[in-house]
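A quick write-up on the structure given underneath.
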Amino acid sequence: MENIFENLTIGAFAKAAGVNVETIRFYQRKGLLLEPDRPYGSIRRYGGADVARVKFVKSAQRLGFSLDEIGQLLKLEDGIHCNEAAELAALRLADVRARLADLARMEAALSKLVSECGAHHGTVSCPLIAALRSS
């Protein structure tokens, strides 16, 4: 019996990969996914390797990798370039840590302002509004 993931139309392929058809086309335009040949008088067919590739891209996106970085990772997907992949991941990790630090600063500032607003009794202008005006 033929594998159900070896003769997929673009619609069935998109469904199997958990994306929409426009995502497939977008990935093709970006060079992340090859566009299979169209047999004369027929439609393009996709297979299990294509489904796995889209799932790889989506997994990398969930970790915050850009499409350019994902393209680099796809070039390393043979599994023997772990050092290069780790370098890309280390850059992504540094970015995540910087964003977390920014979020922590935002959380502290907002927490202080919310507290000040809660203690505000209308005798002076709202601390939050005043802080935003002076920024």
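The values are calculated or read from the model by the stated rules, or taken from the named source; none is laboratory data. All values derive from a computational prediction rather than experimental measurement. Counting neighbours? That spans all protein chains shown, and the Cβs are built from the backbone with ideal geometry, glycine included.
Numbers at a glance
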| item | result |
| --- | --- |
| Selection status of Arg105, of a type in the set (Lys, Arg), assigned to a helix (DSSP H, G or I) and without any contact (Cβ under 8 Å) to a residue 60 or more places away in the chain | yes |
| Residue in segment 109-116 that is of a type in the set (Asp, Glu), modelled with pLDDT under 95 and not assigned by TED's automatic domain parsing to the domain that holds Arg29 present | yes |
| Restricting segment 13-68 to residues that are part of a helix (DSSP H, G or I) and of a type in the set (Lys, Arg), the residue that is surrounded by the fewest Cβ atoms within 10 Å (Cβ to Cβ) | Arg62 |
| Qualifying residues in segment 112-135 (those that are aliphatic (A, V, I, L, M) and not in a loop (DSSP other than H, G, I, E, B)) - the one surrounded by the fewest Cβ atoms within 10 Å (Cβ to Cβ) | Ala119 |
| Sole exception among (1) outside any helix (DSSP H, G or I); (2) in contact (Cβ under 8 Å) with a residue 12 or more places away in the chain for Val96, by number | (1) |
| Contacts under 8 angstrom Cβ, first residue in segment 50-69 being more than 18 Å from Ala94 (Cβ to Cβ) and without any contact (Cβ under 8 Å) to a residue 40 or more places away in the chain, partner surrounded by fewer than 15 Cβ atoms within 10 Å (Cβ to Cβ) and of a type in the set (Phe, Trp, Tyr), 6 or more apart | none |
| Top-ranked residue of segment 87-135 - restricted to ones that are among the acidic types (Asp, Glu) and under 18 Å from Gln61 (Cα atoms), ranked as nearest to the chain's Cα centre (by Cα) | Asp95 |
| Some residue of segment 70-92 being surrounded by 13 or more Cβ atoms within 10 Å (Cβ to Cβ) and either polar (S, T, N, Q) or in contact with a strand residue (DSSP E or B) (Cβ under 9 Å, 6 or more places away or on another chain) (or both) | yes |
